[in-house]
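Participant: Below you'll find the structure I mean.
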Amino acid sequence: GRTRTVGGYLMGGGAYFSNAGVFLINAVFGIYILAVLLRFLLQLVRADFYNPLCQAIVTVTNLPLRPMRRYIPALGGLDTSSIILLLVLQMVNTWLVAIVLGANPAVPGLIVVALAEILSKTVWTFIGAIIIQVILSWVAAGAYNPVISIIYSLTDPLLRPVRSVIPPLGGLDLSPLVVILGLNLVLIVGVAPVRDLGYSLL
């Protein structure tokens, strides 16, 4: 039967294996990209790297990053190796998906789409961390474990400035809501146009 593409997946006869391939590619690359992204963000917010979860992330991501750091110096305090690795991984992810879907993507489009996807994953990482923190504040206030520590390390640089401007109202902290709204605006007016540009160049 005839096939058509909907939301990045093929519809119609003979498309099931292709869709399974797209799913597996996105899942495998997505998990590792998230690990590298978390390492970069946790370095950026100066999280406690003695945290067992941080140590696990470092162990998982050291294989490509350790040799890269011998040749790629940090710039302005940023872990340049992690940024380059994120870009390369996302480009390969996008290229493989395009190949499975029968496309032949151009390099400029791959670069722009990869940049948009990394920005999107970064924003969604912060949104997810804030939502988890809010839930934990309801069900496990005052509790501690390595995951909670990492979540607070990620969210505090975003929530603290908002709290200094918008104090709690009747004991209700509105800063998570304000920050999530702001992050969604970044997705709409910042990330989406870059992604659209990238796909137009593919």
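The values are calculated or read from the model by the stated rules, or taken from the named source; none is laboratory data. Keep in mind the model is a prediction, meaning the values are calculated, not measured. Heads up, the Cβs are rebuilt from the backbone with ideal geometry, glycines too, and the neighbour counts pull from every protein chain shown. Heavy atoms of the whole protein, side chains included, go into the accessibility calculation; ligands, DNA and RNA do not. Shrake-Rupley method; radii C 1.70, N 1.55, O 1.52, S 1.80 Å.
Participant: Of everything in segment 119-146, what is among the small types (Gly, Ala, Ser) and within 28 Å of residue 194 (Cβ to Cβ)? Give them in sequence order.
Facilitator: The answer is 120, 128, 129.
Participant: Just checking, which of 65, 34, 78, 24 is out of contact with any Cys (no Cβ under 8 Å at 6 or more places or on another chain) and touching a residue at least 40 places away in the same chain (Cβ under 8 Å)?
Facilitator: 34
Participant: Can I ask one more? Restricted to segment 149-202, and to residues that are of a type in the set (S, T, N, Q) and surrounded by 11 or more Cβ atoms within 10 Å (Cβ to Cβ), which residue is nearest to residue 105 (Cα to Cα)?
Facilitator: Looking at residues that are of a type in the set (S, T, N, Q) and surrounded by 11 or more Cβ atoms within 10 Å (Cβ to Cβ), I get 184.
Participant: To continue, here is another question. Checking the condition modelled with pLDDT under 95, in a helix (DSSP H, G or I) and within 19 Å of the chain's Cα centre (by Cα), which residue from 182, 190, 198 passes?
Facilitator: After applying the criteria, what remains is 198.
Participant: Next question, about the same structure. When the residues of segment 125-137 are narrowed to those that are free of Cβ contacts under 8 Å to residues at least 24 places away in the same chain and of a type outside the set (Gly, Ala, Ser), which ends up surrounded by the most Cβ atoms within 10 Å (Cβ to Cβ)?
Facilitator: 136
Participant: Can you pull out the residues in segment 127-141 that are assigned to a helix (DSSP H, G or I) and over 16 Å from residue 35 (Cβ atoms)?
Facilitator: 127, 130, 131, 132, 133, 134, 135, 136, 137, 138, 139
Participant: Next question, about the same structure. Six or more apart or on different chains, Cβ atoms under 8 Å: show the pairs whose first residue is in segment 89-118 and assigned to a helix (DSSP H, G or I) and whose second is among the acidic types (Asp, Glu).
Facilitator: Pairs that qualify, where the first residue is assigned to a helix (DSSP H, G or I) and the partner is among the acidic types (Asp, Glu), are 90/117; 93/117; 94/117.
Participant: Taking the conditions exactly as written (within 23 Å of the chain's Cα centre (by Cα), assigned to a helix (DSSP H, G or I) and free of Cβ contacts under 8 Å to residues at least 24 places away in the same chain), does residue 147 satisfy them or not?
Facilitator: No; evaluated as a whole, the condition is false for this residue.
Participant: Which one is farthest from residue 155 (Cα to Cα) among residues in segment 16-62 that are open to solvent by 50 Å² or more (accessible area, probe 1.4 Å) and charged (D, E, K, R)?
Facilitator: The residue in question is 48.
Participant: Can you work out which of the residues in segment 159-169 that are farther than 16 Å from residue 137 by Cα and assigned to a loop (DSSP other than H, G, I, E, B) is modelled with the highest pLDDT?
Facilitator: Filtering segment 159-169 for residues that are farther than 16 Å from residue 137 by Cα and assigned to a loop (DSSP other than H, G, I, E, B), the one modelled with the highest pLDDT comes out as 166.
Here is a yes/no grid of residues against (1) open to solvent by 50 Å² or more (accessible area, probe 1.4 Å); (2) at pLDDT 95 or above; (3) under 23 Å from residue 42 (Cβ atoms); (4) of a type outside the set (Gly, Ala, Ser):
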| position | (1), (2), (3), (4) |
| --- | --- |
| 73 | yes, no, yes, yes |
| 77 | yes, no, yes, no |
| 87 | yes, yes, yes, yes |
| 90 | no, yes, yes, yes |
| 97 | no, no, no, yes |
| 101 | no, no, no, yes |
| 105 | no, no, no, yes |
| 111 | yes, yes, no, yes |
| 116 | no, yes, yes, no |
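Participant: Which condition from (1) open to solvent by less than 80 Å² (accessible area, probe 1.4 Å); (2) within 29 Å of residue 155 (Cβ to Cβ); (3) assigned to a helix (DSSP H, G or I) is the one that residue 69 breaks?
Facilitator: (1)
Participant: Considering segment 137-170 alone, what residues qualify as being out of contact with any Leu (no Cβ under 7 Å at 6 or more places or on another chain) and closer than 20 Å to residue 123 by Cα?
Facilitator: 149, 151, 152, 155, 156, 157, 158, 159, 160, 161, 162, 163
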